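Since the structure comes first, as structure tokens, the remarks are kept for the end.
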Amino acid sequence: MNANGFGSGFEKTVGMAFPEMTADRTVVTCEITPELLQAYGIVHGGVYCSLVETAASLAAAIWYGDRGNVVGVSNHTNFLRAIGTGTVTATATPIHRGRTQQLWLVTVTDDTGRDIARGEVRLANLPAGDGRNGGEGRDARSSRGGEAGENGGGAAGSGDGRSSEHSEDIGEPGTGR
């Protein structure tokens with residue numbers, strides 16, 4: 001997240017507000033307007049996905065701080081109840097914060113506190129100067145290994161240190177892995 005432009009583009013267009021922003025909990029609110037409804041008069045699912053992604057990304061970026069940038073690599077949002085008016089609140093809390101990736105849980109509630117949607121967002125931590133941030137430094141493919149629980153399919157942020165162009169690699173030669 002960039003402090004120079006955060007909240008002035010997409011977030012402003014949708015009507016997001018940020019009453020709480022910490023490394024351990026971020027809250028994003030949004031008043032439901034007619035522009036956010038789909039043809040049946042209920043909130044479009046993309047609004048919930050956007051709130052979930054924004055809340056998790058902001059919290060993850062605050063936690064990661066000056067070490068580099070974070071980028072979302074997966075957003076899985078479930079829609080639990082349909083509403084057409086009111087204000088929704090998305091609250092992000094960490095599930096896992098590791099060296100190479102983070103996983104955040106985001107719950108979206110209505111004015112009465114009922115769960116409306118719930119999502120998980122996985123984000124890749126991109127260290128400053130590692131070649132994936134546009135800076136000088138080591139190539140993204142030069143680092144191997146990951147933390148416990150970080151064995152993904154080889155895409156950026158999967159925890160194995162390989163870029164997506166090397167996702168067909170099944171293991172390291174001679175290691176049995």
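The values are calculated or read from the model by the stated rules, or taken from the named source; none is laboratory data. Every value quoted in this text rests on a predicted model; they were computed, and no experiment measured them. So basically every Cβ, Gly included, is an ideal-geometry build from the backbone, and we count neighbours across all protein chains shown. Just so you know, the surface numbers come from the protein's heavy atoms only, side chains and all, with ligands and any DNA or RNA stripped out. Shrake-Rupley method; radii C 1.70, N 1.55, O 1.52, S 1.80 Å.
In table form, for the structure just shown:
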| item | result |
| --- | --- |
| Accessible area expressed per residue, the stretch 1-111, with surrounding protein chains retained (probe 1.4 Å, Å²) | 51 |
| Chymotrypsin sites (Phe, Trp or Tyr not before Pro) restricted to the stretch 36-79 and DSSP loop, no more than 12 other C-beta within 10 Å | TYR40 |
| Radius 14 Å from Cβ of VAL108, net charge of other residues (Lys, Arg +1; Asp, Glu -1) | -3 |
| Within the stretch 1-122: Cβ-based charge dipole about Cα centre, in debye rounded to nearest 20 (Lys, Arg +1; Asp, Glu -1) | 380 |
| Under 10 Å, Cβ to Cβ, from ALA56 - net charge with Lys/Arg +1 and Asp/Glu -1 | -1 |
| Inter-part distance where the stretch 20-43 and the stretch 63-77 are each reduced to a Cα centre, Å | 20 |
| Förster-model FRET efficiency, 30 Å R0, HIS76 and GLU31, C-beta, rounded to 0.05 | 0.75 |
| Gain in span if fully extended, THR87 to ALA23, counting 0.36 nm per residue against the direct Cα distance | 20.7 nm |
| J(HN,Hα) series, the stretch 15-20, from Karplus relation 6.51 cos²θ - 1.76 cosθ + 1.60, nearest Hz, glycine and proline x | x, 6, 10, 10, x, 9 |
| Label-point separation in nm, HIS96 to ASP111, each point 7 Å along Cα→Cβ | 3.9 |
